[in-house]
Amino acid sequence: MLYTAYEMSRNALRPWRAAAQAGADFWQSPYNLAKDSWLGRNASASLAVFDSITRHYTKPDWRLDFTEIKGKSVPVSVETVLTKDFGSLLHFRREPAALKKAKGARAAPDPRVLIVAPMSGHFATLLRGTVEAMLPEHEVYITDWADARNVPITSGTFDLNNYVDYLIDFLSEIGSGAHTMAVCQPGPALLAAIAVMSEQDHPDLPATMTFMGSPIDARKSPTVTNQLAEQRSFEWFESNMIQTVPAPYAGIFRRVYPGFLQLFSFMSMNSERHMQAHHDYFNHLVEGDGDSAEKHRKFYDEYLSVCDMTAEFYLQTIREVFQEYTLAQGNFRHHGNLVEPGNITKVGLMTVEGELDDISGIGQTQAAHTICSGIPDDMKLDYIQPGVGHYGVFNGSRWRTEIQPRLRTFIMQHHNAANEKKVQSEQTASHLKLVKSD
């Protein structure tokens, strides 16, 4: 019912939005002599703010057409390498000829990295800055989760166990020795996937796993988000947070946790900051500060673009990760089988946390080091970034200049070590072959 009411209110705003657009065209017209007057600037700014807060935001474009390598521009194309009902695997393909020219014909292949984007209400494009910083020195892949309201109900269900299955399938597509990064919410799922692969001695086991601001053990330094999950019963979330997708979406009748509810939750946590941001946006427009206004638009075009997640995934995540802490306590089961992170012995582990993170508190991500008891200490790295909150862990200047360089070094150390072992293995096999032939 709430979803239907939301759609009705959005549709009711369409005539007002059309009128506002007509007004904006009038005030911004180069033929309007009052365009640059006090009245014109204020009217135009008011209509722009109205458009910003009432628009229906769709999935943003990646806008990553080029990357710079050693001062040379290399074209980038986004290719879908594996498509499934509830998500796809994307590859940011750097144009081979330009890449060879920039790096040199004899350069070794770059490490392959899978960035696991969260399924938490925003599209994978929220990690544009994460991808951008990794592109010059890595073959970058990313999970692109589907908007559940657009997935027909005939496609079946999708829960946390299916999420783990998808990650294993994606890693199988990329191949052995890849490197993985889980940003925020998917940390427990990636850890579970690699534990399952380790137990199976999977041929495509990755070389490293990095968790960034992830609720591996949400009992540590609980934040407002964690406290809400503890204070409310599972039944409360099921009764109040789950809605039915209405027409005309392809996923009509599917039960989902709507993106607009998640967005409301995020914005209510920092409502004063968002109100101030729009007030500043208005002033920037009036003052003609185009750079600041454009920066605001780019941020909110991304931030206000939300998608739905399936009810079964959302509810299982609430129960397993935020209420019962099953992975942290050694009780998580994948399709009935106990998942044991202690069985991971061959995968390097790095954790990254932000000092000011108000979503995943200090210690929640670090817990992976305790849980993954089978990984040698010399294959582990823990880092806390001073002065950043949750989003600063994977985006912004601190990510580019302080966090990503440490991550790059960690990946390269394990990448080079794996290559050395491969060479040694090949040399041993060749020697044995020669001995046998003699």
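Observations, loosely collected:
- Members of LYS220/LYS380; LYS84/LYS220; LYS70/LYS346; LYS59/LYS84 lying beyond 25 Å, as alpha-carbon distances in this model show: LYS84/LYS220; LYS70/LYS346
- Average projected area [Cα convex hull, segment 1-49], square nanometres: 3.6
- To the nearest ten degrees, helix 160-174 and the longest principal axis of the Cα atoms of the chain are 70 degrees apart.
- For segment 182-237, the share of alpha carbon pairs falling in successive 10 Å distance bins from zero is 21, 38, 26, 14, 1 percent.
- The chain: relative contact order in percent, alpha carbon pairs under 8 Å with at least 6 residues between: 18
- Simple label model, 7 Å out from Cα along Cβ direction - ALA108 to ARG406, nm: 2.4
- Reference-scaled alpha-carbon Rg (2.2 N^0.38 Å with N residues) for segment 306-359: 1.44
- As a rough guide to protection, the peptides 186-195, 167-176, 6-15 ranked by mean Cβ packing within 10 Å, highest first, stand as 186-195, 167-176, 6-15.
- Around the amide H of LEU349, modelled in the peptide plane, lie the amide H atoms of MET209, LYS380, LEU381, all under 5 Å away and 5 or more residues distant in sequence or on another chain.
- Listed residues SER198, SER305, SER37, most fluctuating in the chain (Gaussian network, C-alpha, under 10 Å): SER37
- Relative to the longest principal axis of the Cα atoms of the chain, the long axis of helix 271-287 makes an angle of roughly 60 degrees.
- Computed extension length for ASP201-LYS84: 39.7 nm, one decimal, from 0.36 nm per residue of separation with the Cα-Cα distance subtracted.
- GNM flexibility winner over the chain from PRO386, PRO222, PRO341 (Cα, springs under 10 Å): PRO386
- Taken over segment 327-400, the percentage of Cα pairs per 10 Å bin, counting from 0 up to the bin with the maximum distance, is 19, 39, 32, 10, 0.
- Just so you know, the Cα atoms of the chain work out to an Rg and Dmax of 24.0, 94 Å.
- Gyration tensor verdict on segment 116-221 (Cα atoms; rounded if a/c is under 1.5, prolate if a/b is larger than b/c, oblate otherwise): rounded
- Once the convex hull of all Cα atoms in segment 70-118 is built, its volume per residue stands at 97 Å³.
- Spin-label model, THR345/SER239: points 7 Å from Cα along the beta carbon direction are separated by 4.9 nm.
- For segment 101-172, diffusion coefficient by Stokes-Einstein and Kirkwood Rh (Cα), 25 °C, 0.890 mPa s, µm²/s: 169
- Between SER9 and ASP291, the simple spin-label model (points 7 angstrom out along Cα→Cβ) gives 3.8 nm.
- Dividing the convex hull volume of the alpha-carbon atoms in segment 225-356 by its residue count gives 206 Å³ per residue.
- Grouping the Cα pair distances of segment 151-281 into 5 Å bins from zero gives a pair-distance distribution of 2, 8, 12, 15, 16, 15, 15, 11, 4, 1, 0, 0 percent in increasing distance order.
Taken together, the values in this text are just the output of simple stated rules run on the coordinates, not laboratory data. No experiment lies behind these values; they were computed from the predicted model shown. Please note: Cβ atoms are built from the backbone with ideal geometry, for glycine as well, and neighbour counts cover all protein chains shown.
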